[in-house]
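The values are calculated or read from the model by the stated rules, or taken from the named source; none is laboratory data. Quick caveat: nothing in here was measured; it's all calculated off a predicted structure. Quick reminder, even Gly has a Cβ in these numbers, built from the backbone with ideal geometry, and neighbours come from all protein chains shown. What goes into the accessible areas is simple: the full protein's heavy atoms, side chains included, and nothing from ligands, DNA or RNA. Shrake-Rupley method; radii C 1.70, N 1.55, O 1.52, S 1.80 Å.
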There are 4 protein chains.
Amino acid sequence: MVGATGYTGRKLLRILAGHPRVRVAFATSARESGRRLLDVYPECGCLRELTLISPDRAGTLAVDAIFLALGHGEAIQFLKTYPRLSSTRVVDLSADFRFRSTALFRKTYGLAAPAALNRKFVYGLTEVFREKIHRARHVANPGCYPTSVLLPLYPLLAGKILRLAGPISVTSASGASGAGATPKPETRFCDIDGNFGAYKPLREHRHLPEMEEVLSPFKSRLNFTPHLLPIRDGIFSDIHIPLARVPAGLEKRIQDTWRSFYRDCPFVKPVAHLPRLSEVVGTNLAKFTVRIEARTNTVLILSVIDNLIKGAAGQAVQNLNVLFGWPEETGLAGRF
Amino acid sequence: MVGATGYTGRKLLRILAGHPRVRVAFATSARESGRRLLDVYPECGCLRELTLISPDRAGTLAVDAIFLALGHGEAIQFLKTYPRLSSTRVVDLSADFRFRSTALFRKTYGLAAPAALNRKFVYGLTEVFREKIHRARHVANPGCYPTSVLLPLYPLLAGKILRLAGPISVTSASGASGAGATPKPETRFCDIDGNFGAYKPLREHRHLPEMEEVLSPFKSRLNFTPHLLPIRDGIFSDIHIPLARVPAGLEKRIQDTWRSFYRDCPFVKPVAHLPRLSEVVGTNLAKFTVRIEARTNTVLILSVIDNLIKGAAGQAVQNLNVLFGWPEETGLAGRF
Amino acid sequence: MVGATGYTGRKLLRILAGHPRVRVAFATSARESGRRLLDVYPECGCLRELTLISPDRAGTLAVDAIFLALGHGEAIQFLKTYPRLSSTRVVDLSADFRFRSTALFRKTYGLAAPAALNRKFVYGLTEVFREKIHRARHVANPGCYPTSVLLPLYPLLAGKILRLAGPISVTSASGASGAGATPKPETRFCDIDGNFGAYKPLREHRHLPEMEEVLSPFKSRLNFTPHLLPIRDGIFSDIHIPLARVPAGLEKRIQDTWRSFYRDCPFVKPVAHLPRLSEVVGTNLAKFTVRIEARTNTVLILSVIDNLIKGAAGQAVQNLNVLFGWPEETGLAGRF
Amino acid sequence: MVGATGYTGRKLLRILAGHPRVRVAFATSARESGRRLLDVYPECGCLRELTLISPDRAGTLAVDAIFLALGHGEAIQFLKTYPRLSSTRVVDLSADFRFRSTALFRKTYGLAAPAALNRKFVYGLTEVFREKIHRARHVANPGCYPTSVLLPLYPLLAGKILRLAGPISVTSASGASGAGATPKPETRFCDIDGNFGAYKPLREHRHLPEMEEVLSPFKSRLNFTPHLLPIRDGIFSDIHIPLARVPAGLEKRIQDTWRSFYRDCPFVKPVAHLPRLSEVVGTNLAKFTVRIEARTNTVLILSVIDNLIKGAAGQAVQNLNVLFGWPEETGLAGRF
């Protein structure tokens, strides 16, 4: 796996260490190459004898599948450098191949994804696009915020359950690991502890176009405002949906749609109670519920995931399982 | 002051301890009466020699003004027991007299506020109702969430700046002190640390009718969903306002309206940047900003206060200052 | 298992839920009996269909082994009520049978443990007393602080590596889950967050006699001062040992003694680096290291465990494994 | 004041902003020069119109006193560059002039302090060396850990109250602001939250020689092991003192010695209860207590301060007050 020293790469290694069908052939780190994993991450269990190698050795090693946990733009670079990987199974955790439209990707990230390469990738929202992923070789793992929003929203819009009367407004709150491992003023303990605030409100965050592209068949518009929580892991999303009117039995219809859509999905759990982060942090679970207010014709969805697991490394391993046709929960049932 | 051992009463004592025009005649505590304040609150500075007395002695002592920091329903009881307090200045921090309509209060809190007594009270959102407060003797101090929402919203609706196209959706997040000092499972450290969740969504929280009554002249409907943050103090509110359309120059017009409405207000600060809790926690400040998204015709207001200070004890002292005609910032300029 | 609703009982259930050789026959809760486990603990995985029963039904059910996670004194009461359990394997997580001397237990806890019953119990510091545990039917699971102190200290004193020149001084710091799940002022979020302090210093804590009795063959005296950390789980112990003089090669000799004593122990890890809580929280691991200062003839041991796992529920399951002769790490390799 | 953008400089500005006898002429920041203080620190009150200047302009401006809040070695450089400051009052918050022995300073910090310059400085442990400070022009502000240890220890050793039977062992725990504002892996939120650990144990921390030099008249040896707490501000020190024997009435004698030594000291408070950080964080207070264990002949002192206030910026302002002969609590009575 490529890119072991970010928070996502580290969580990925922790999951893979216990995966019964995976042997980690190598892990790379530009900064830490040459050191044993044990010395860098004292907690990494049975992989700890692994020695980190330089990323530029990774592309030449023969493996059955490769995870890329690199910065945005670096995955493009890596795959252009090693064209023979096009026949290898790849799960990319960056944003580089998440967009169907390379124009939209360029506008959003300022980077050019080669169209031919981009076409090989499938958007890896596992439960929604499982069939496509199973037939693909390359998977673009979704962003953390989009995972928390699209899992509850997609089946309702696809099922035409909701007649929208205006834009959907999403306010999300993420733990600090979402801001990455690179030391910077915004992620210092003293800046985050006891604090809370919004950043990149309404249209500024790059996960908004990602969500809107996935939802583009359904003609919805979104507002999206993320916030930084004084916790390590977890994403909580409030999704306000304005309707023209609330038909009788809507709440039951929404729950039924979810239950039907996510039947036999071990990780996606529509619930009746108000879910809290503690129920999902450390696991690959997604939980969400719905509340309806007839007085204001509003549907409110509350959704929780662990940003580094279901929102990143866990879903990546889930996609690997789908790529190989293994049971979806293989190696993912525990806590990480 | 009556009710010293809740988080609000404690903060109130800390503020009053440094107020240059106030001498605290007594402080009551049902649980701790007979103990010195010093022994209960090792941090309470110059008041620490004060001995806590039983609440049932409080109504008979001669004072110029009285703060009530009691549970809901108990302020009604207290004032009914001591009718001669009707000529004393009273700042009540409970919900008992916050509603103009005693019927709405009964529906919301299940309690009966005597109409004649209720009419003596003015809603103490200081900067908005300063003139009325100055002419009154009894002030009902606003709820913490309403303070964070009404301060930015009231001038815009009163000024007819916004043509609403649907309900206003408020998501707020509060520190744990907002849940009160009584030990209960929900306020244990292990339940809150590293956690986040919503409670009483959409219409369930009793601060919603309080806000809607104050805004009733402006025909707006609100959704309100509070959340519990893993911090001690502070409230952050996201206010999504859907418009029919966004007229040119709206952002500037909003900022101008605020600046004009809150000119010479030492504690209310419209700002250009995205405010965070750390800027106001420990102070009587309220800060808020606005962002506009033309694509979705949405106005987003982000608002921060300290829930125990501007949202409770600080605003209570500010109201005392107004009642007596003292400069509004007397005793409130510091950190608490 | 008896006593499912404390923090320890809850962690125990989480571990047992994934144990390949255990089927949980029942779980009791005085407060929550009749409710499904799923509704009380939304996170408890595959056990969630289990319904909590009243403790007074537990003693009559036929099981191969029973865990008691009750308050101090209640385990005595339970076993006196159900004498036929004397032939069942029992792991008791309370303090009731941790002492060899029932007189010392009475002096420390103010409770009387029947001598005959007490004799059936073995002190369950797994790696140290494994042989005795294997031959016993009843195990008294050690306290959390003693586990963190005795694991590094016992082999050094038993091996006569250290010539003490005075009392051993232990300062420990525990996460808030160590204070239990019963709501009380000391465990409110607002009392713990951002705070730190000592409690029951020097001789006041009841884990001191427990440690001293285990170490009594070695004629050492201990000071013990615990502190409360603003985190959920984990115990960190600083152990200062004053020597008459520091012989050459002492550090290596200590590390060698540990490595030899804990050879083939999957959970006890002497390390060279300074261990931090993050390396063990969520696991059954114990890690410790040593530093030596010749200038002051002082040996310093730094030791970390998860208080609810290696310090309680994890060690309890480890003891179950030893009682049945299963591999010691069965069901304990993951994160909880 | 020189060096406004570290945590200490920022706290110093906050205190000075409310000091009735101080006008802040300038504040420097190498990184942020040219920006308004308001924009860098939205919370800095009445100073917020101040514009940050480059440090190399600071030495030429005429002021009555200057605070240096620079990195170690930079204060030496600054004062060598501007020799005419030798007649100005200087409070230096770095370690550069804390040692009487420049050889010990060189050994500890690897830096050379010019002996002539070093001799101008007095060690600024205010309550202990008040007379010397009053007669001096240059003050070396003590380290944060030494302040928490020396305030309780100095009077007892100077008063010959304790007959030591071995080394004094100090374990301290500090909030994350003690690690400084420069972003680095160790101060990321995700590394500190929920975590705890020791660093630089026994003799490795540079505050140990500082303490030992101050205590050198009393022939005591110290072990010192600091720990990092998951909180922002505060230092807690456990001080274990082994005695030959515990004479009758020792506890009272210690408390009497403290009360006599710190009579009329507004900020130093010997207490009977076990002090916690929450009692002093945000203030210039130091609190400590004593417990004695006759069984092991041990004296335990527990001491708390705010590391950035009494441990740095607050004591610096207190020293300024002493330099000018102003009442010691001027500008320091509030919360910061």
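Can you tell me which of (1) touching a residue at least 12 places away in the same chain (Cβ under 8 Å); (2) not in a strand (DSSP E or B) is the one residue B:240 doesn't meet?
Going through (1) touching a residue at least 12 places away in the same chain (Cβ under 8 Å); (2) not in a strand (DSSP E or B) one by one, residue B:240 breaks only (2).
Just one of C:53, C:76 is modelled with pLDDT under 95, surrounded by 14 or more Cβ atoms within 10 Å (Cβ to Cβ) and either touching a strand residue (DSSP E or B) at 6+ places or on another chain (Cβ under 6 Å) or among the aliphatic types (A, V, I, L, M) (or both); which is it?
Values: C:76 fails: modelled with pLDDT under 95.
Only one candidate qualifies: C:53.
Out of curiosity, is residue B:264 away from every other protein chain (no Cβ under 14 Å) and either at pLDDT 95 or above or under 30 Å from residue B:179 (Cβ atoms) (or both)?
Details: away from every other protein chain (no Cβ under 14 Å): yes; either at pLDDT 95 or above or under 30 Å from residue B:179 (Cβ atoms) (or both): no.
The answer is no for residue B:264.
For the range A:255-267, which positions are out of contact with any strand residue (DSSP E or B) (no Cβ under 8 Å at 6 or more places or on another chain), open to solvent by 20 Å² or more (accessible area, probe 1.4 Å) and not aromatic (Phe, Trp, Tyr)?
Just the residues of the range A:255-267 that are out of contact with any strand residue (DSSP E or B) (no Cβ under 8 Å at 6 or more places or on another chain), to begin with: A:256-257, A:260-261, A:263-266.
Within this subset, residues satisfying the condition of being open to solvent by 20 Å² or more (accessible area, probe 1.4 Å) are A:256-257, A:260-261, A:263-264, A:266.
Scanning the range A:255-267 gives A:256, A:257, A:260, A:263, A:264, A:266.
Looking only at the range C:78-93, count every residue that is polar (S, T, N, Q) and farther than 16 Å from residue C:137 by Cα and tell me the total.
The first filter runs over the range C:78-93 and keeps only residues polar (S, T, N, Q), leaving C:81, C:86-88.
Pick out the ones that are also farther than 16 Å from residue C:137 by Cα and you get C:81.
Summing the residues that are polar (S, T, N, Q) and farther than 16 Å from residue C:137 by Cα in the range C:78-93 gives 1.
For residue C:256, are the conditions met, namely being among the charged types (D, E, K, R), without any contact (Cβ under 8 Å) to a residue 12 or more places away in the chain and assigned to a helix (DSSP H, G or I)? Talk me through it step by step, then tell me what you get.
Values: among the charged types (D, E, K, R): yes; without any contact (Cβ under 8 Å) to a residue 12 or more places away in the chain: yes; assigned to a helix (DSSP H, G or I): yes.
It is true that residue C:256 is among the charged types (D, E, K, R), without any contact (Cβ under 8 Å) to a residue 12 or more places away in the chain and assigned to a helix (DSSP H, G or I).
Check whether at least one residue in the range A:49-59 is of a type in the set (Lys, Arg) and either closer than 25 Å to residue D:191 by Cα or outside any helix (DSSP H, G or I) (or both), and report yes or no. Let's see the steps before the verdict.
Let us first name the residues in the range A:49-59 that are of a type in the set (Lys, Arg), namely A:57.
With either closer than 25 Å to residue D:191 by Cα or outside any helix (DSSP H, G or I) (or both) added as a condition, the list becomes none.
No, because not a single residue in the range A:49-59 is of a type in the set (Lys, Arg) and either closer than 25 Å to residue D:191 by Cα or outside any helix (DSSP H, G or I) (or both).
Say whether the condition of being out of contact with any helix residue (DSSP H, G or I) (no Cβ under 7 Å at 6 or more places or on another chain), closer than 19 Å to residue A:195 by Cβ and either of a type in the set (Asp, Glu) or assigned to a loop (DSSP other than H, G, I, E, B) (or both) is met by at least one residue in the range B:283-304.
Taking the range B:283-304 first, the residues out of contact with any helix residue (DSSP H, G or I) (no Cβ under 7 Å at 6 or more places or on another chain) are B:289, B:291, B:293-300, B:302.
Cutting the leftovers down to closer than 19 Å to residue A:195 by Cβ gives us B:289, B:302.
Cutting the leftovers down to either of a type in the set (Asp, Glu) or assigned to a loop (DSSP other than H, G, I, E, B) (or both) gives us none.
Among the residues of the range B:283-304, not one is out of contact with any helix residue (DSSP H, G or I) (no Cβ under 7 Å at 6 or more places or on another chain), closer than 19 Å to residue A:195 by Cβ and either of a type in the set (Asp, Glu) or assigned to a loop (DSSP other than H, G, I, E, B) (or both), which makes the answer no.
So which of B:228, B:208, B:153 ends up being within 25 Å of residue A:301 (Cα to Cα), modelled with pLDDT of 95 or more and more than 14 Å from chain A (Cβ to nearest Cβ)? Outline the logic, then answer.
Working: B:228 fails: more than 14 Å from chain A (Cβ to nearest Cβ); B:208 fails: more than 14 Å from chain A (Cβ to nearest Cβ).
On inspection, the qualifying residue turns out to be B:153.
Of the conditions (1) more than 12 Å from every other protein chain (Cβ to nearest Cβ); (2) modelled with pLDDT of 95 or more; (3) out of contact with any Leu (no Cβ under 6 Å at 6 or more places or on another chain), residue D:218 satisfies every one except a single condition; which number is it?
The single condition residue D:218 does not satisfy is (3).
Do the conditions hold for residue D:280, that is, is it more than 10 Å from chain C (Cβ to nearest Cβ) and aliphatic (A, V, I, L, M)?
Values: more than 10 Å from chain C (Cβ to nearest Cβ): yes; aliphatic (A, V, I, L, M): yes.
Against the criterion (more than 10 Å from chain C (Cβ to nearest Cβ) and aliphatic (A, V, I, L, M)), residue D:280 qualifies.
Look at the range B:187-218 and say how many of its residues are open to solvent by 10 Å² or more (accessible area, probe 1.4 Å), closer than 20 Å to residue B:157 by Cβ, assigned to a helix (DSSP H, G or I) and touching a helix residue (DSSP H, G or I) at 6+ places or on another chain (Cβ under 7 Å).
Residues that pass the stated criteria total 5.
Going by what's in this entry, would residue C:139 be described as free of Cβ contacts under 8 Å to residues at least 24 places away in the same chain, away from chain D (no Cβ under 14 Å) and not basic (Lys, Arg)?
Numbers: free of Cβ contacts under 8 Å to residues at least 24 places away in the same chain: no; away from chain D (no Cβ under 14 Å): yes; not basic (Lys, Arg): yes.
Criteria not met by residue C:139.
Residues in the range B:11-25 that are open to solvent by 10 Å² or more (accessible area, probe 1.4 Å) and free of Cβ contacts under 8 Å to residues at least 40 places away in the same chain: how many?
4
Give me the residue from the range A:117-134 that is out of contact with any Ser or Thr (no Cβ under 7 Å at 6 or more places or on another chain), more than 21 Å from residue A:266 (Cα to Cα) and in a helix (DSSP H, G or I) and, out of that set, least open to solvent (accessible area, probe 1.4 Å).
A:117
Take the conditions within 14 Å of chain C (Cβ to nearest Cβ), within 25 Å of residue D:281 (Cβ to Cβ) and not in a strand (DSSP E or B) and apply them to residue D:172. Does it pass?
Working: within 14 Å of chain C (Cβ to nearest Cβ): yes; within 25 Å of residue D:281 (Cβ to Cβ): yes; not in a strand (DSSP E or B): no.
Spelling it out, it is not the case that residue D:172 is within 14 Å of chain C (Cβ to nearest Cβ), within 25 Å of residue D:281 (Cβ to Cβ) and not in a strand (DSSP E or B).
Just name the residue that is most open to solvent (accessible area, probe 1.4 Å) out of those in the range D:175-186 that are outside any helix (DSSP H, G or I) and more than 12 Å from chain C (Cβ to nearest Cβ). Lay out the reasoning, then the answer.
Here is the first cut: in the range D:175-186, the ones outside any helix (DSSP H, G or I) are D:175, D:180-184.
Next cut, more than 12 Å from chain C (Cβ to nearest Cβ) only: D:180-184.
Numbers: D:180: 26, D:181: 13, D:182: 98, D:183: 40, D:184: 67 Å².
Only one residue tops the list, namely D:182.
Yes or no: residue B:252 within 12 Å of another protein chain (Cβ to nearest Cβ), open to solvent by 40 Å² or more (accessible area, probe 1.4 Å) and at pLDDT 95 or above? Steps first, please.
Details: within 12 Å of another protein chain (Cβ to nearest Cβ): no; open to solvent by 40 Å² or more (accessible area, probe 1.4 Å): yes; at pLDDT 95 or above: yes.
In short, no.
Consider residue C:38 carefully, then state whether it is at negative phi and either in the same structural domain as residue C:283 (by TED's automatic domain parsing) or surrounded by 18 or more Cβ atoms within 10 Å (Cβ to Cβ) (or both).
On the way: at negative phi: yes; either in the same structural domain as residue C:283 (by TED's automatic domain parsing) or surrounded by 18 or more Cβ atoms within 10 Å (Cβ to Cβ) (or both): no.
In short, no.
Could you tell me whether residue C:139 is open to solvent by less than 60 Å² (accessible area, probe 1.4 Å), assigned to a strand (DSSP E or B) and at pLDDT 95 or above? Break it down into steps so the answer makes sense when it comes.
Values: open to solvent by less than 60 Å² (accessible area, probe 1.4 Å): yes; assigned to a strand (DSSP E or B): yes; at pLDDT 95 or above: yes.
Yes; evaluated as a whole, the condition is true for this residue.
Of everything in the range D:91-116 that's in a loop (DSSP other than H, G, I, E, B) and under 24 Å from residue D:322 (Cα atoms), which residue is most open to solvent (accessible area, probe 1.4 Å)? Walk me through how you get there before you give the answer.
From the range D:91-116, those in a loop (DSSP other than H, G, I, E, B) are D:93-101, D:110-114; that's our starting set.
When the remaining residues are screened for being under 24 Å from residue D:322 (Cα atoms), the result is D:93-100.
Working: D:93: 23, D:94: 1, D:95: 0, D:96: 1, D:97: 0, D:98: 16, D:99: 2, D:100: 113 Å².
Only one residue tops the list, namely D:100.
Restricting to the range A:289-336, name every residue that is open to solvent by less than 10 Å² (accessible area, probe 1.4 Å), over 16 Å from the mean Cα position of the chain (by Cα) and within 21 Å of residue A:155 (Cα to Cα).
Those that are open to solvent by less than 10 Å² (accessible area, probe 1.4 Å), over 16 Å from the mean Cα position of the chain (by Cα) and within 21 Å of residue A:155 (Cα to Cα): A:289, A:290, A:293, A:298, A:299, A:300, A:301, A:302.
How many of the residues making up the range C:230-249 are surrounded by 15 or more Cβ atoms within 10 Å (Cβ to Cβ) and more than 27 Å from the chain's Cα centre (by Cα)?
Within the range C:230-249, the first condition is being surrounded by 15 or more Cβ atoms within 10 Å (Cβ to Cβ), and the residues that meet it are C:230-243, C:246.
In the following step, the residues that additionally are more than 27 Å from the chain's Cα centre (by Cα) were identified as C:243, C:246.
Result for the range C:230-249: 2.
Can you tell me which residue in the range D:268-277 is least open to solvent (accessible area, probe 1.4 Å), limited to those that are at the interface with chain C (Cβ under 10 Å from one of its Cβ atoms) and hydrophobic (A, V, I, L, M, F, W, C)?
Once the filter is applied, the top-ranked residue is D:277.
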